[in-house]
Structures are given as structure tokens and as C-alpha cells.
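Quick notes on the structure that follows.
Each reported figure results from applying straightforward, stated rules to the coordinates on display, with no laboratory input. Source: prediction; values computed, not measured. FYI the Cβ positions are ideal-geometry reconstructions off the backbone, even for glycines, and counts take in every protein chain you see.
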Amino acid sequence: MYATGEEETVADAEYVNIWMRPERPARGPKPTYSRAQITEAAIRIADAEGLEAATMRRIAAEIGAGAMSLYRYVPSRDNLVELMADRLQGEIDVTGMPSGDWRADLTRYADGLRAMWLRHPWIGTVQRSLPSFGPNQLLLIERLMGVLDAFVSIDENLGLMAILNGYVEGTVREEISSTKEVRRNGLSESEWMARNYPYIEQLVKSGEYPIFTKIVMEARQPHLSRDDQFRYGLQRVLDCIAAALPSTAESPMQAHREGREEQGGPGQARSRPSERASRAE
């Protein structure tokens with residue numbers, strides 16, 4: 001909740017964004033530790049035991065400092081989580097973006113975001129509806145949104161990035177949850193399906209669930225690897241983004257692929273379906 005009236009004034013007066021706080025005081029002895037050291041220690045603990053384990057006391061023990069002394073470097077645990085989240089965003093490689101091939105850039109970003117979540121699954125427990133605009137997040141914004149900046153308005157850009165991020169986050173959350181479930185039950189997904197086969201067979205034979213039956217009998221997606229499932233869905237998301245872009249935004253790879261499809265073989269031109277239809281008329 002937001003404070004109101006006098007409380008809001010006091011809170012605003014006391015609040016200083018973590019990125020505006022100098023890491024080294026203007027006076028006094030040289031700091032023994034750095035924010036980077038503290039952040040890295042917190043991430044190691046969170047990776048091993050979850051975010052809740054990364055307390056100031058535990059981090060202090062990890063680096064050999066007094067718990068209270070850490071507050072000289074990081075004023076609050078909320079600030080610590082901001083530092084940790086920004087550090088993880090720095091793991092996503094956006095070097096060279098925008099490259100001129102928007103589909104390749106967004107694919108690389110999506111793969112990098114998913115990989116980061118899988119390395120640090122606790123990031124899914126960080127509830128941050130408001131951005132903190134740390135240096136890594138700002139770099140990500142500039143490079144990633146720069147990919148489509150020349151083709152769409154800033155509002156359209158925000159909407160398309162929300163679609164992409166929503167797909168990646170939703171998919172990887174389900175993947176992490178499934179991994180936890182497998183670990184808890186001691187059963188792989190295929191073993192779970194085998195155990196429930198009699199019930200599934202009963203549902204199919206009942207004839208009451210035709211769509212479910214089609215999923216069981218015809219769908220290929222459930223049998224793909226996690227990587228292939230992710231890429232299958234990602235390509236559909238990118239196709240949706242492509243539909244919102246002007247034709248001038250066609251990526252070189254897409255143009256090359258369509259060019260190859262038009263060729264029936266060496267020296268043989270194959271017409272598009274629409275052209276074949278018009279000729280048939």
C-alpha cells in the first residue's frame with residue numbers, strides 16, 4: 001500500500017533509490033566489502049537453498065562479516081533483492097543488438113531469459129511489479145526495445161515485448177514447477193503418464209471428451225523435449241509479432257527462408273500458392 005498525507009511526505013523524504021546511493025562514502029575508511037561481493041554471495045545462497053535463505057545474517061557469515069555491518073553497503077533486504085535481480089538480468093546476452101534481424105535478436109533474448117530463469121529458479125518468487133531500473137535492466141531495455149524501435153511506436157513496442165516476456169515467463173514457470181513436482185514425487189513425466197494410462201484410456205473410450213481424445217491420440221507437442229516445446233511456442237509468438245510489424249521489418253533470415261521455399265530446385269522457380277491458384281482460374 002502507498003502511504004498518504006504526512007506519512008507519504010516522510011516516506012518520500014527518507015527514500016533514496018539504491019542506484020543513487022554512493023557505494024563508497026565520501027569520508028571515512030575504505031569499505032572492506034563491495035555491493036558486488038554481497039550480491040554474489042546472496043545469489044549463491046539463493047541458488048542453493050532459495051531466496052528466503054539469503055538473509056543478511058547468512059550472507060555476512062558467507063563473506064566473513066558482521067551482519068549489522070552489511071547495512072552500511074545495502075540499507076535493506078528489499079535493496080538486496082533489487083541488486084540480485086539486476087545482477088541476473090546482466091546474464092542475458094544482448095551484445096550486438098539490434099543486429100538488423102529482429103527475429104534472430106528476439107530468439108536469442110528469449111533463449112537467454114529462459115536459461116537465466118532455469119539457472120536461478122528463485123527469481124520466480126521475486127514479486128516486482130515496479131521496476132528498479134538498475135544498470136543491467138536499463139541496458140536490457142535499450143538493446144531489446146531497440147530491436148523493434150524503428151518499426152513500431154513505443155507503446156506498440158511495450159505491448160509486443162510484454163507478449164514475448166509473458167510467453168517466456170509462463171513457460172519457464174511451468175517448467176520449473178514440473179521439475180519440482182518430479183523431484184517431490186520421484187516420477188518422471190513419462191512414468192507419471194504410464195501410471196495414469198488406465199484412467200486416460202477410460203476417458204478416451206468413453207467418447208465423452210473428443211478434444212481431450214484428439215490431444216491424447218494426435219498431439220505431438222506433449223512428446224517433444226522441453227527445449228523443442230519452448231521453441232515451437234516461441235516461433236508462434238514471433239509470428240504474432242511479425243503480423244504487427246510493417247513488411248519492411250522482414251528479417252533477412254525470414255526473407256532468405258521464403259526465397260528458398262519459392263525455389264523448386266536449381267534454376268527452377270516455384271510459384272507461391274496464391275499465384276498457383278490464380279493460374280488455375
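Overview of values
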| quantity | calculated |
| --- | --- |
| At R0 = 45 Å, FRET efficiency that the Cβ-Cβ distance of Ala219 and Phe133 yields, to 0.05 | 0.60 |
| Cβ-derived FRET efficiency at R0 30 Å, Lys180 paired with Arg21, nearest 0.05 | 0.25 |
| Cα centroid separation - the stretch 74-109 against the stretch 181-216, whole Å | 38 Å |
| Computed FRET value (nearest 0.05) for Ala162 with Lys205, which takes r as the C-beta separation and R₀ as 30 Å | 0.10 |
| Estimated Rh, the stretch 75-180: Kirkwood, alpha-carbon pairs, angstrom | 14.6 Å |
| Extension gain from Ala242 to Tyr71, taking 0.36 nm per residue of separation minus the Cα-Cα distance | 56.8 nm |
